[in-house]
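Have a look at the structure below, then the notes.
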Amino acid sequence: MKILTLCGSARPQSSNRLLLNALVHLWSEDEVVFYDIHQLPLFADVPDRDRSNILGDFKVAVSAADAIIIATPEYAHNLPAALKNALEWLVRDGEAAGKPVLPITLTPHAPRGENCMQSLCWTLAALNCRIVSKVDLYRDDLVYDEQGRLIDCLGRETLVAARALF
């Protein structure tokens, strides 16, 4: 299965990006591909604006994916602007429609992430995605080895179980 991953955080070494990188090892039987949404231009529903190479590549990546995983922090009680921007580019042509999506919020501690998850799910519903589950993780739920692989921890167990939902 080809799984596209999107990260809401712009920091290259963010905890959300590390989590998505760990999925490559955890789900080694799948093709897990990361797409950097932070290079996309700001959304403007203007004809021909979405025909740039960057936008075209993004839309092709979404269309080619069998499933999508989104890992994101919560910023100002919402999803990060870059993530919302990326998802808005998918509204008109429906590249994500019907795709199974696993939204993950990864934040330092509860209750952070709740507002972001709600907003993200509303946006995914507008895209007609199939939300397979909602995963709220906190920093203490994840333990990595020196190679960045998840080792025995609640987060690993949760993600192994979530994989079966696709």
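The values are calculated or read from the model by the stated rules, or taken from the named source; none is laboratory data. Predicted model, so just to flag it, every value in this text is computed and none were measured. Glycine also receives a Cβ, built like all others from the backbone with ideal geometry; neighbour counts cover every protein chain displayed.
Looking at V101, V135, V62 in this structure, which one is within 24 Å of P12 (Cβ to Cβ) and in contact with a Cys (Cβ under 6 Å, 6 or more places away or on another chain)?
Matching residue, one of V101, V135, V62: V101.
Listed here are the residues, each with its yes/no results for (1) in contact with a Gly (Cβ under 6 Å, 6 or more places away or on another chain); (2) within 23 Å of H25 (Cβ to Cβ); (3) free of Cβ contacts under 8 Å to residues at least 24 places away in the same chain.
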residue	(1), (2), (3)
P111	no, no, yes
S119	no, no, no
V132	no, yes, no
D141	yes, yes, yes
G148	no, yes, no
D152	no, yes, yes
R156	no, yes, no
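Summed over segment 41-66, residues that are farther than 24 Å from I131 by Cα and buried (at least 17 other Cβ atoms within 10 Å of the Cβ) total 1. Reported count of residues in segment 53-77, each being touching a helix residue (DSSP H, G or I) at 6+ places or on another chain (Cβ under 8 Å), more than 23 Å from A162 (Cβ to Cβ) and not in a helix (DSSP H, G or I), is 2.
This table checks each residue for (1) in a loop (DSSP other than H, G, I, E, B); (2) acidic (D, E); (3) at pLDDT below 95.
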{"residue": "D93", "(1), (2), (3)": "yes, yes, yes"}
{"residue": "A97", "(1), (2), (3)": "yes, no, no"}
{"residue": "P103", "(1), (2), (3)": "no, no, no"}
{"residue": "L106", "(1), (2), (3)": "no, no, no"}
{"residue": "P111", "(1), (2), (3)": "yes, no, yes"}
{"residue": "C116", "(1), (2), (3)": "no, no, no"}
{"residue": "C121", "(1), (2), (3)": "no, no, no"}
{"residue": "A125", "(1), (2), (3)": "no, no, no"}
{"residue": "N128", "(1), (2), (3)": "yes, no, no"}
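Among the residues of segment 108-166, those identified as small (G, A, S), closer than 30 Å to D93 by Cα and surrounded by 12 or more Cβ atoms within 10 Å (Cβ to Cβ) are G113, S119, A126, S133, A162.
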